[in-house]
1. How many of the residues making up region 204-215 are touching a residue at least 60 places away in the same chain (Cβ under 8 Å) and open to solvent by 40 Å² or more (accessible area, probe 1.4 Å)?
2. Consider region 36-80. How many of its residues are among the aliphatic types (A, V, I, L, M), assigned to a helix (DSSP H, G or I) and under 17 Å from residue 143 (Cα atoms)?
3. Mind listing just one residue for me: the one in region 88-116 that is open to solvent by less than 30 Å² (accessible area, probe 1.4 Å) and in a loop (DSSP other than H, G, I, E, B) and, of those, nearest to residue 160 (Cα to Cα)?
4. From (1) farther than 25 Å from residue 85 by Cβ; (2) within 17 Å of the chain's Cα centre (by Cα), pick out the condition that doesn't hold for residue 167.
5. Tally time: how many residues in region 145-184 are open to solvent by 60 Å² or more (accessible area, probe 1.4 Å) and of a type outside the set (D, E, K, R)?
Amino acid sequence: MTDDIESTRPRESGPGAPAQRRSAGGLLIAGPVVFLLAEFIAAMAWTDPAYSYTHHFVSNLGVRGPSTLFGQYMYSPLAWAMNAGFFLFGLTILAGIIALRDLAGRSRWATLVPAAMLAGGGVLLALFPGSGEALEDGSGQYHSTGAFLGFIGGNVLAIVLGRRWQRIGVSARMGRALITVGVIGLVSMTAYLGLIVSAGDDPIGIIGLIERGAVHPFLIGLICAGAAMNKRHAVSTAPPLPVGAHAAD
């Protein structure tokens, strides 16, 4: 049996698989939630001027500042919150992938590698904030490396999980959704990189929205996949009806 989307019923891989998937599902929910909450909290603290999800880079939230980069002023009062989110979210997702022990052989490596890229990228983002000064002293290259490790790792992970929907215990529809968000993310990443290179110090006004197109879809996809894994675990472990019991009319 292949890992491609070819039937509508997820496969169970043994008596321990549902419990493992529940743990993995919880971690796949927790990681993206950590990122999105850290982003929201740091953005709400940025009041002068107000932070814009559409215009400002995500990385601005991790720069205490004041600083300027690519024509954007940076001053994040709760930079530590965003950097904590960067540091923890990818590691949490990686822990969730490790918990999927019924993935074996090439399937396991195909998920572990992009998950490790995502985790490593998050750590680099946290340790090397993307300020104007970082660009000048050379540490900005580590931040950029972290960003693209995160973009590529997170979106490839979503695609790989989508193709192995049976092994992780979700529906074919969820598998297709994961593949879709991964493709959207990679396309957005390509557009983002092209705009950064072509615009120089004056990026277009919706650059923040395009960057989030490379991040938010796969985060939301992983949350939905984790919730689906937990739901199927709850259904599979529900106690059977007593013999002779009938549903009420």
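1. So the first thing to find is which residues in region 204-215 are touching a residue at least 60 places away in the same chain (Cβ under 8 Å), and the list is 205-209, 211-212, 214-215.
With the extra rule that they be open to solvent by 40 Å² or more (accessible area, probe 1.4 Å), the set shrinks to 205-206, 209.
Adding up the residues that qualify gives 3.
2. Within region 36-80, the subset among the aliphatic types (A, V, I, L, M) is 36-38, 41-45, 50, 58, 61, 63, 69, 74, 78-79.
Right, trim to assigned to a helix (DSSP H, G or I) and you get 36-38, 41-45, 58, 61, 79.
Remaining after also requiring under 17 Å from residue 143 (Cα atoms): 58, 61, 79.
So the answer is 3.
3. Top of the filtered list is 103.
4. Evaluating residue 167 over (1) farther than 25 Å from residue 85 by Cβ; (2) within 17 Å of the chain's Cα centre (by Cα) leaves (2) as the failure.
5. So in region 145-184, the residues open to solvent by 60 Å² or more (accessible area, probe 1.4 Å) come out as 145, 152, 163, 173, 176, 180, 183-184.
Filter once more, keeping what is of a type outside the set (D, E, K, R): 145, 152, 180, 183-184.
Qualifying residue count for the region: 5.
The values are calculated or read from the model by the stated rules, or taken from the named source; none is laboratory data. As the structure is a prediction and not an experimental result, all values here were calculated from the model. Note that each Cβ is placed from the backbone with ideal geometry, even for glycine, and that neighbours are counted across all protein chains shown. Accessible surface areas use protein heavy atoms only, side chains included; no ligands, DNA or RNA. Shrake-Rupley method; radii C 1.70, N 1.55, O 1.52, S 1.80 Å.
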